[in-house]
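The values are calculated or read from the model by the stated rules, or taken from the named source; none is laboratory data. Remember, predicted model here, so these are calculated numbers, not experimental data. Virtual Cβ from ideal backbone geometry, glycine too; neighbours counted across all protein chains shown. We work out accessible area using only protein heavy atoms, side chains counted, and drop any ligands, DNA or RNA first. Shrake-Rupley method; radii C 1.70, N 1.55, O 1.52, S 1.80 Å.
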Amino acid sequence: MDARNMKVKAAEAALAYVEDGMRLGIGTGSTAEEFVRLLAEKVHGGLRIVGVPTSERTARLCLELGVPMNSLDELPELDLTIDGADEVDTNLTLVKGGGGALLREKIVAAASNRMIVIADESKLVDMIGGFPLPIEVNPFGRKATRIAIEKAASGLGLAGDLTLRTSGEDVFTTDGGHYIFDASFGRIPDAEALAGELNSIPGVVEHGLFIHMASFAIIAGEAGARTLKA
Ligand code: 5RP
């Protein structure tokens, strides 16, 4: 089974948790997009849901496929969010933000009763950090913020490059108008400590560590989809 088929399998399994009438947070990325395609088929078959997309990219796909949407301001409490991840460990600590949508993804997940992560098995790791950690920063003072992040990481014994994300010739800008540093710290033994340090830096808008947010993960591999609980 190739990676795309595994993403479809994970998305299919997640669809079983979607019930009529739900207010649904809808994630960003290639796995979440497989979910949107399957969800659209169900909607056309009569399922009534309202989706709150976590990015402009997801909103465009929902619009194209006819998935009903509303804003988080109109629907501030959601039943369920389904989203992908860049890394998932066995405690359900996630690294997210590879697609640049981490801020809205975290806001939407936090407004949801439950969050289900969907991923192919390549995302499952014994310790997070192999995937560079996305850190969303305010453009103002980004060099000072970079230094503050490096100092905070170093205090935890973490070192590595922070790369300002680009898109072609330009600096990548998130839906919220911020920049992203991708931090190659390597293995992160204490994600909670790092999250605490990053949260205390004024120029950091949000980071891609999602801790105690996922209710469970659906991981798809050659043998099919399985549920991973913390
Ligand atoms: C976007 C995300 C995505 O969920 C993450 O990057 C996984 O994407 P994909 O399903 O394409 O591998 O966090 O900000």
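Quick grid of which residues meet (1) closer than 21 Å to residue 224 by Cα; (2) of a type outside the set (D, E, K, R); (3) part of a helix (DSSP H, G or I); (4) within 15 Å of the ligand (Cβ to nearest atom):
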residue	(1), (2), (3), (4)
5	yes, yes, yes, yes
9	yes, no, yes, yes
12	yes, no, yes, yes
31	yes, yes, yes, yes
36	yes, yes, yes, yes
40	no, yes, yes, no
59	no, yes, yes, yes
74	no, no, no, no
Quick check on this structure: which one of 99, 157, 177 is touching a Gly at 6+ places or on another chain (Cβ under 9 Å) and modelled with pLDDT of 95 or more?
99
Where a residue in the range 74-102 is without any contact (Cβ under 8 Å) to a residue 60 or more places away in the chain and closer than 19 Å to residue 190 by Cα and its partner, wherever it lies, is away from the ligand (no atom under 15 Å from the Cβ) and open to solvent by 10 Å² or more (accessible area, probe 1.4 Å), with Cβ under 7 Å and at least six apart:
89/126; 89/127
Residue 27 passes all but one of the listed conditions (1) surrounded by 18 or more Cβ atoms within 10 Å (Cβ to Cβ); (2) small (Gly, Ala, Ser); (3) more than 10 Å from the ligand (Cβ to nearest atom); the exception is number (3)
How many residues, within the range 88-117, are out of contact with any helix residue (DSSP H, G or I) (no Cβ under 6 Å at 6 or more places or on another chain) and buried (at least 20 other Cβ atoms within 10 Å of the Cβ)?
18
